[in-house]
Amino acid sequence: MDERTRQEEGPLGRSSPLRGERGGTTISDNVVSKIAGIAAQEVEGIQMGGGTARAVSGFLNSVTSSGGLARGVSVQVGEEEAAVDLTLALEYGRPVPQTSEAVRRNVINRIENMTGLRVVEVNITVNDVLLPEERPQLDRQQEVEREAREQEMQT
């Protein structure tokens with residue numbers, strides 16, 4: 001194996017899509033955090049960041065800044081791998097193991113497909129249960145966050 005091949009391969013001997021003979025690509029924590037937050041919210045029945053009181057109090061902040069896209073997300077990004085920690089609330093009646101596994105699968109798929117990073121773990125903390133009467137507020141919040149994401153992607 002020549003030196004060039006060794007440089008393009010990752011630590012396990014696999015080729016990395018982020019390293020090539022013409023240079024490398026570095027992906028910031030912020031990018032991975034946003035992807036993870038959006039991917040987690042694509043799963044029905046969850047709210048990122050936890051409880052309703054916190055979600056509602058952070059409502060304006062999530063609308064006015066991009067920090068809302070990554071609320072409840074913490075990442076560690078290396079050259080070729082990423083680890084993700086999520087904090088979320090689950091709608092009452094949703095099974096925790098199945099819903100958290102759906103979130104985990106979606107986050108891993110989105111990050112790996114969009115960035116080329118290998119996700120080594122996705123740890124999930126469920127810190128609240130959303131009650132049915134809280135749903136209308138959260139639906140409105142998610143609608144505004146979705147609009148903010150679309151607007152941010154257009155700029």
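The values are calculated or read from the model by the stated rules, or taken from the named source; none is laboratory data. Computed from a predicted structure; not experimentally measured. Heads up, the Cβs are rebuilt from the backbone with ideal geometry, glycines too, and the neighbour counts pull from every protein chain shown.
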Restricting to segment 79-123, name every residue that is under 28 Å from residue 25 (Cα atoms) and without any contact (Cβ under 8 Å) to a residue 24 or more places away in the chain. 104, 105, 108, 112, 113
Taking segment 121-150 as the search range and keeping residues that are touching a Ser or Thr at 6+ places or on another chain (Cβ under 9 Å) and of a type in the set (D, E, K, R), which one is modelled with the highest pLDDT? 128
Say we look at segment 89-103 and pick out the residues that are modelled with pLDDT of 95 or more and surrounded by 20 or more Cβ atoms within 10 Å (Cβ to Cβ); which of these is farthest from residue 119 (Cα to Cα)? 100
Looking at segment 113-135 only, could you name the residues that are closer than 30 Å to residue 20 by Cα and not in a loop (DSSP other than H, G, I, E, B)? 113, 114, 115, 118, 119, 120, 121, 122
Conditions (1) under 17 Å from residue 90 (Cβ atoms); (2) at pLDDT below 50; (3) touching a helix residue (DSSP H, G or I) at 6+ places or on another chain (Cβ under 7 Å); number of the one not met by residue 71: (2)
